[in-house]
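Laboratory data are not the source of any read-out in this text; all were calculated from the coordinates shown. From a predicted model like this one, the values you see are computed outputs, not experimental measurements. Virtual Cβ from ideal backbone geometry, glycine too; neighbours counted across all protein chains shown.
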């Protein structure tokens with residue numbers, strides 16, 4: 001009969017088990033005594049829970065909650081948390097702290113099409129909202145000295161297709 005298994009020892013112990021192949025497993029140990037009807041200990045029972053999969057899921061959820069899924073960059077929540085930590089650290093250890101906020105909403109996306117070779121490609125890109133491009137359609141590659149001369153003289157019709 002198993003009775004009071006969790007009364008003697010709660011499920012709080014964690015351990016690292018090392019398999020024969022050297023792989024380490026993080027486990028949670030839940031164990032307790034097996035007692036007879038008179039309360040005498042006749043054995044023990046132990047259940048090991050593999051925490052590796054649970055920790056991996058927690059890390060994945062944490063990553064998703066704190067980072068932009070497209071760019072992988074920290075989101076506002078994580079940035080605010082780190083600023084709060086930095087302020088606390090600064091106050092606790094009497095260190096100076098500077099925080100700079102940049103409003104990313106004011107940045108405009110700028111797309112530069114590379115490799116534009118035909119007028120048809122240029123018109124297609126313009127229809128899609130791309131207003132900048134480079135490639136053979138505009139100018140063939142030039143060596144550095146000629147480019148420096150180009151910059152000194154300015155743009156002329158003969159240099160642009």
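Taking 0.36 nm per residue of sequence separation and removing the Cα-Cα distance, the residue 42/residue 19 pair yields an extension gain of 5.4 nm.
For 54, 99, what ranking results if the residue with the fewest other Cβ atoms within 10 Å of its Cβ goes first? Can you show the working numbers first?
Details: 54 12, 99 8.
Listed from fewest to most nearby Cβ atoms, that is 99, 54.
Ranked for footprinting exposure by Cβ neighbours inside 10 Å, fewest first, 13, 38 give 38, 13.
Among 136, 93, the ranking by other beta carbons within 10 Å of each residue's beta carbon, starting with the fewest, stands as 93, 136.
In this simple spin-label model, placing a label point 7 Å from the Cα along the Cα-to-Cβ direction at both residue 118 and residue 94 gives a separation of 7.3 nm.
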